[in-house]
Amino acid sequence: MSGTVAVIDYGMGNLHSVASALQHAGADRVIVTHDANQIRAADRVVFPGVGAIRDCMAEIRRLHCDELLQLALTEQHKPVLAICVGMQALMTSSEENGGVPCLDIIPGTVRHFGHPLLDADGTRLKVPHMGWNEVCQVREHPLWEDIPDRTRFYFVHSYYVTARDRSLVAASVEYGCSADAALARDNLFAVQFHPEKSHTAGLQLLRNFLNWNPAC
Amino acid sequence: MGLAKRIIPCLDVDNGRVVKGVNFVGIRDAGDPVEIARRYNEQGADEITFLDITASHQGRDTTVHTVEQIAEQVFIPLTVGGGIRSLEDIRTMLNAGADKVSINTAAIHNPELVRQASERFGAQCIVVAIDAKRVEDVEGKPRWEIFTHGGRKPTGIDAVAWAIKMAELGAGEILLTSMDRDGTRNGFELGVTSAITDAVDIPVIASGGVGNLQHLVDGILLGGADAVLAASIFHFGEFTVPQAKAYMAAHGIEVRV
């Protein structure tokens, strides 16, 4: 039983696909909201994000989503899944928009891939990193259940995360450098790719999130 | 191993039906867009592009509804283009469930729209579509010019210079269609494809002219494209997406299987 899943909506774009993918993965109930009471009452929390980090952070703070996220993580101990810019927002700061302080829930950086970005053999790589890349699972986690190592997920981003504490890295992705594709700590799981756009593998990850009981 | 090259089936939709013409005339009906999108999703397409070629306003409402239905059932990225003229149009399509919008003529009339859209919604969802036609300069060397109105109206704009400008304004991707090749099944116009892929740092989708699987391979290996878009070879059941991927993989191209 997944219970109610709250998808935190801080007004930065379409959360339709996240919500419908969660439904499709078997969620009992999905609500898309920034209402404090609804998020507090939910059983699971999804923290998505698209767009530019400066606007995202401004809205996250204005709507007090940062406090609700902290509450869910450290007091209520609910399973939390952060996606793409949602993951970047957890870090200490981002280079995007000339430098933006973030939530510092997971200490680490968010840096631009760089120009020009070159592969190990000198091939030029396009930025954004857009498309299906192999996710290398660097440690075991319940969210990898039934997902083979090196399964491809859909990415679209120009900035990449590096967590300071390397023991939190649950997966990495190679794109001119090694970027953190997934981070895990206690009841928090964060992914740079878009599970809601990653076809069967993405739906499996969402299903694993819905079944995840980090307290046990 | 790294990032896979993408195969993107394209649905050209007129009044709620998938159609595909030869050089935009001689339209042939290929079916219900929701059903077709679902089929490509199941076949392992990497993305789907939905181009609305409906002229009427009434038809636009049908499009929004169709996009909503596709987004509810298809869990791969969906790009919607055709008739996107304002930030409001972009918002409408993103809210309906599109992951990206493709801007074409409106960018020519108002390039600032690309900058504003990219700042507001993020570069990741702004695709600029370029319809290029081969012309010759005074010395008889080939160059490519942007045409509007389904390839009938020249703009005088150089396609390569335009691609660079669009990337600078914040486009996240270029959808490049050769108007000489679209619907001909003679393969991509590789000259303009490689000229633009070399000129910009953002990904380029090659489009226009795919008639067989070797054309897809050529678009990537010779044209340097990051993704290949095709319509009729998939719509009429001639090839499936897995067949296309197997063929590409056999030619050393990394694909998602």
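For segment A:37-71, filtered to residues that are small (Gly, Ala, Ser) and touching a helix residue (DSSP H, G or I) at 6+ places or on another chain (Cβ under 7 Å), the residue that is nearest to B:ILE126 (Cα to Cα) is A:GLY51.
Does B:LEU78 meet the test of being open to solvent by less than 50 Å² (accessible area, probe 1.4 Å), touching a strand residue (DSSP E or B) at 6+ places or on another chain (Cβ under 6 Å) and more than 14 Å from chain A (Cβ to nearest Cβ)? The answer is no for B:LEU78. Output the residue which, of all residues in segment B:240-257 that are under 19 Å from the mean Cα position of the chain (by Cα) and away from chain A (no Cβ under 14 Å), is modelled with the highest pLDDT. This residue is B:ALA244. One residue is enough: does segment A:161-170 have a residue meeting the conditions open to solvent by less than 30 Å² (accessible area, probe 1.4 Å), within 13 Å of chain B (Cβ to nearest Cβ) and more than 19 Å from B:LYS5 (Cα to Cα)? Scanning segment A:161-170 turns up no residue that is open to solvent by less than 30 Å² (accessible area, probe 1.4 Å), within 13 Å of chain B (Cβ to nearest Cβ) and more than 19 Å from B:LYS5 (Cα to Cα). Per the listing A:ARG62, A:ARG152, the residue uniquely touching a Phe, Trp or Tyr at 6+ places or on another chain (Cβ under 6 Å) and among the charged types (D, E, K, R) is A:ARG152.
Within the option set A:GLY11, A:GLY49, being touching a His at 6+ places or on another chain (Cβ under 8 Å) and in a loop (DSSP other than H, G, I, E, B) holds for one residue only, A:GLY11.
With respect to (1) open to solvent by less than 10 Å² (accessible area, probe 1.4 Å); (2) of a type in the set (A, V, I, L, M, F, W, C); (3) modelled with pLDDT of 95 or more, the lone exception for B:ILE233 is condition (3). The number of residues in segment A:109-160 being β-branched (Val, Ile, Thr), crowded, with 20+ Cβ neighbours inside 10 Å and under 27 Å from B:ILE174 (Cβ atoms) comes to 4. Scanning segment A:34-51 for residues that are open to solvent by 10 Å² or more (accessible area, probe 1.4 Å) and touching a Ser or Thr at 6+ places or on another chain (Cβ under 9 Å) gives A:GLN38, A:ALA41, A:ASP43, A:ARG44. On the stretch given as segment B:188-230, residues that are small (Gly, Ala, Ser) and part of a strand (DSSP E or B) total 4. Residues in segment A:94-106 that are in contact with a strand residue (DSSP E or B) (Cβ under 9 Å, 6 or more places away or on another chain) and open to solvent by less than 50 Å² (accessible area, probe 1.4 Å) were compared, and the one that is nearest to the other protein chains (Cβ to nearest Cβ) is A:GLU96. Among the residues of segment B:150-174, those identified as away from chain A (no Cβ under 14 Å), more than 18 Å from the chain's Cα centre (by Cα) and without any contact (Cβ under 8 Å) to a residue 40 or more places away in the chain are B:ARG152, B:LYS153, B:PRO154, B:GLY156, B:ASP158, B:ALA161.
Within segment B:96-117, the set of residues being open to solvent by less than 20 Å² (accessible area, probe 1.4 Å), free of Cβ contacts under 8 Å to residues at least 60 places away in the same chain and within 14 Å of another protein chain (Cβ to nearest Cβ) comprises B:ALA96, B:GLY97, B:ALA98, B:VAL101, B:ALA117. Go through the residues of segment A:69-80 one by one and say whether even a single one is aliphatic (A, V, I, L, M), open to solvent by less than 20 Å² (accessible area, probe 1.4 Å), modelled with pLDDT of 95 or more and closer than 21 Å to A:TYR160 by Cα. Within segment A:69-80 (the criterion being aliphatic (A, V, I, L, M), open to solvent by less than 20 Å² (accessible area, probe 1.4 Å), modelled with pLDDT of 95 or more and closer than 21 Å to A:TYR160 by Cα), the answer is yes, since at least one residue qualifies. Consider segment A:176-196 and keep the residues that are within 11 Å of another protein chain (Cβ to nearest Cβ) and open to solvent by 10 Å² or more (accessible area, probe 1.4 Å). The one that is farthest from A:VAL110 (Cα to Cα) is A:GLU196.
Here B:VAL64 fits the description: surrounded by 16 or more Cβ atoms within 10 Å (Cβ to Cβ), farther than 25 Å from A:CYS56 by Cβ, within 19 Å of the chain's Cα centre (by Cα) and within 14 Å of another protein chain (Cβ to nearest Cβ). Applying the criterion of being in a strand (DSSP E or B) and out of contact with any Pro (no Cβ under 9 Å at 6 or more places or on another chain) to the residues of segment B:144-163, the residue that is surrounded by the fewest Cβ atoms within 10 Å (Cβ to Cβ) is B:GLY156.
The values are calculated or read from the model by the stated rules, or taken from the named source; none is laboratory data. All values reported here derive from a predicted model rather than from experimental measurement. FYI the Cβ positions are ideal-geometry reconstructions off the backbone, even for glycines, and counts take in every protein chain you see. Calculation scope for accessible area: heavy atoms of the full protein, side chains included, ligands and nucleic acids excluded. Shrake-Rupley method; radii C 1.70, N 1.55, O 1.52, S 1.80 Å.
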